[in-house]
Amino acid sequence: MNQNPKIEYWITEHPVMVDVSETLEIAINRMASYHIGAILVMRNEILVGILTERDLLKLLARGKEDDEDIPLSIPVEKFMTVDPITAEISEDYNVVYMKMKTHNIRHIPVVSGDKVMGIISIRDLIHFYQNKLETALLDAKKENDELHKIIELSTSDLLDKLFGEINRYKEQSLTDYLTGLFNKRCFQTRFTEEVSRARRYQSDLSLLFCDIDHFKKVNDVHGHHVGDEVLRQTAYLLTGVIDQHNMLSHLRKTDIVARYGGEEFVIILPETAAEGAVLAAEKLRRAVEELTIPIDNAEIKITMSFGVAELSENASNCEEIIRQADMAMYQAKNNGRNKVVLYKEKF
């Protein structure tokens, strides 16, 4: 399966189209004939709208409420979604996926300037990672069958059925299977958004890069199943720790924790300058140091090393901030581990 994240490799290059003057009946027949969930509406080769299964649901629900037949002879422009959200052909999977998530849509026309290059759907993006799941979930024939069942279902029932499974698989593609935290791919998308937001509003932003000290020894001495449990317990602590009957959070709701890989974790701290980030890292370092993990008949103690970097003139993009935080974390390792180090130009 092609793993290139550029959407130009995943789009449907010849999307089905109708002219704004054509009737709703023509549009629906083409959607059913091609087993698709969206059709582009054009005027003089310019994209002016999109008609999706969601628009059909609204129309059918309204017809049922008014006890009237669907006006199939009326031009499709009366029912389409005007000025649809679009994606540039140069954008990648993550950007387009976040557009779908933000606007709660399933189909996005792909353009190059004013020229329509194709269309990409949520099933294409699910296919990017989970080809078998996408095939089972959004098979073209099943979509066509769902269109024929619309009359038999209420609007809310159908929407739940259409989007429930999709949301479940989207969640799986964003989280780490072992810890339940965001995975590296999701972190990169969210971090890009937070950096852009911080630069736009000229607000502070910091990143923590942390690593479990001597984690290899845990695996070597106790086995990988114990190492997995240590990773899970560390993830729980980084997001919140159970103290008798209460869950005490060490971070704010706006902070974002992700597993970066192996025993490495990253934490995005929006609207936080370096000084505040160092304080947050120190709280987490102490909490990890005090943590006792019961495993079988033993108790395991661990520590973590933390690197801190912030958005600045010398680190104005995601890659540089990550690099600086990573360097600071390794400096903490070199300083004896179980420490917090703020990145400086010269250590």
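No lab work stands behind these numbers, since they all come straight from the coordinates. All values reported here derive from a predicted model rather than from experimental measurement. Ideal geometry is used to build each Cβ from the backbone, glycine not excepted, and the neighbour counts take in all protein chains shown.
Work out the FRET efficiency for K301 and E271 from their Cβ-Cβ distance, taking R0 = 30 Å, and round it to the nearest 0.05.
Numbers: r = 34 Å, r/R0 = 1.12.
Taking R0 as 30 Å, the efficiency between K301 and E271 is 0.35.
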Can you list residues from other chains, or at least 5 along the same chain, whose modelled amide H is less than 5 Å from the amide H of V16? L40
Suppose each label sits 7 Å from its Cα in the direction of the beta carbon; what would the K344-S33 distance come out to in nanometres? 7.2
Calculate log10 I(q)/I(0) of the stretch 187-236 for q = 0.19, 0.29, 0.31 Å⁻¹, where I(q) comes from the Debye formula with a single equal point scatterer on each Cα and nothing for solvent. -0.70, -1.05, -1.12
With θ set to phi - 60° and the Karplus curve 6.51 cos²θ - 1.76 cosθ + 1.60, what are the ³J(HN,Hα) couplings of the stretch 105-116 in order, to the nearest whole Hz, using x for Gly and Pro? 10, 10, 9, 9, x, 10, 10, 10, x, 9, 8, 7
Protection proxy ranking, peptides 14-22, 318-326, 196-204, average beta carbon neighbours within 10 Å, highest first: 318-326, 14-22, 196-204
Is any residue of the stretch 299-343 close enough, with backbone N under 15 Å, to a label point placed 7 angstrom from the Cα of Q202 along the Cα-Cβ axis, and if so, which? 312-313
